[in-house]
1. How tilted is helix 77-94 with respect to the longest principal axis of the chain? Cα atoms for both, answer in degrees (0 to 90, nearest 10).
2. Pop a pseudo-label 7 angstrom from the Cα along the beta-carbon direction at both residue 188 and residue 126 and give the gap in nm to one decimal.
3. I'd like the orientation of helix 138-153 relative to the chain: the angle between its Cα long axis and the longest Cα principal axis, in ° from 0 to 90, rounded to 10.
4. Arranged from highest to lowest average of other beta-carbon atoms within 10 Å per residue, in what order do the peptides 91-98, 371-378 appear?
5. Work the Kirkwood hydrodynamic radius out for the chain: mean of 1/r over every pair of different alpha-carbon atoms, inverted, in Å.
6. Fully extended, how many nm does the chain gain between residue 143 and residue 180 (0.36 nm per residue separation, minus their Cα-Cα distance)?
7. Could you give the nm distance between label points at residue 165 and residue 276, where each point is 7 Å from its Cα heading toward the beta carbon?
8. Mind giving me the FRET efficiency for residue 232 and residue 72? R0 is 35 Å, r the Cβ-Cβ distance, nearest 0.05 is fine.
């Protein structure tokens, strides 16, 4: 997922809209009614860091622990980030610098790190050892990238035996040393024993995508830069992808959602839609204003939507074209945890973001079904959330 921390610096404080639609009047705000909501843990803040994949991936695990009756947990995102950077550096060096090396990652990174290294609660490793109150990784990311680029240049004509020790020293200085043992709630743990005590089974989670450049109902490594582990995703038609999400929520599961949020319809006020500038008619002030205006005016309006607008009808072909032309990129990871509808009866997904509670609707985004159809790169869910007939096909 792309690093969004530069854009996040411009986020403004937005309060939820509460106006109701009145008979005979235009609607100039969104009014949502929740239809289904799965319990989740609190909204976190990735702040100025490109670690959305860790926050949303652990958000999935924390919600799963709630679903399994294991209580609310606050797991350490920076424990995962430390290990992920370390693993990525090793592979980057082995591949002579031809691997993507950046702050971004994928949901599989969270699962593989838990499998290989365990997990710790956030209080055991908060990752703020460098004089900041919230995550600010610009300096850290630049140092790590510069370090591995220097190693690949091999100025000594032979790799030293301590390059990894130096790399890990940077991680230790900024994120803190990895806890080998820690006490939590009166018990002593290692990262591995803590993960075992929670019963986390990384192998129980699967990645699903939907593109036509590979056959449906097969698996392939999704061709995005941050899939540096080359992890496989199962490929299904777009309509089936949506059915998987709907069934998961209906049965009490959350969905880790990787998507492109650089679209103008993904507002910083907690709304994500795919406006249709060619719509024949509209109801409500935003829809009315949408018609008969220039592209520049539409772009401006998309950034500050205050009410429902007509949306495009998304097809499998549109998804593929946007992906192939770099119009859909892997920007951000979030957590789908519910379904809502607006005052017109249009369905939206409730999405937990990691941009603090001061953004969106106290940290929640309302994302339209067309937006999810169009801009999803992949989802990760517990395998029990899959429809039985799809399990058989896969």
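We did not get these values from a lab; they are worked out from the coordinates using the rules stated. Just so we're clear, the structure is a prediction, and the values are computed from it rather than from any experiment. Glycine gets a Cβ as well: all are built from the backbone with ideal geometry, and neighbour counts include every protein chain shown.
1. Approximately 70 degrees, to the nearest 10.
2. A separation of 2.5 nm, rounded to one decimal place.
3. Long axis of 138-153 versus the principal axis of the chain: about 50 degrees.
4. Working: 91-98: 13.4, 371-378: 25.1.
Top to bottom by mean Cβ count within 10 Å: 371-378, 91-98.
5. By the Kirkwood definition, the hydrodynamic radius is 22.1 Å.
6. Numbers: separation 37, 0.36 × 37 = 13.32 nm, distance 2.52 nm.
That works out to 10.8 nm of additional length.
7. Reported label-point gap for residue 165 and residue 276 is 6.4 nm.
8. Details: r = 31 Å, r/R0 = 0.90.
After rounding to 0.05, the efficiency reads 0.65.
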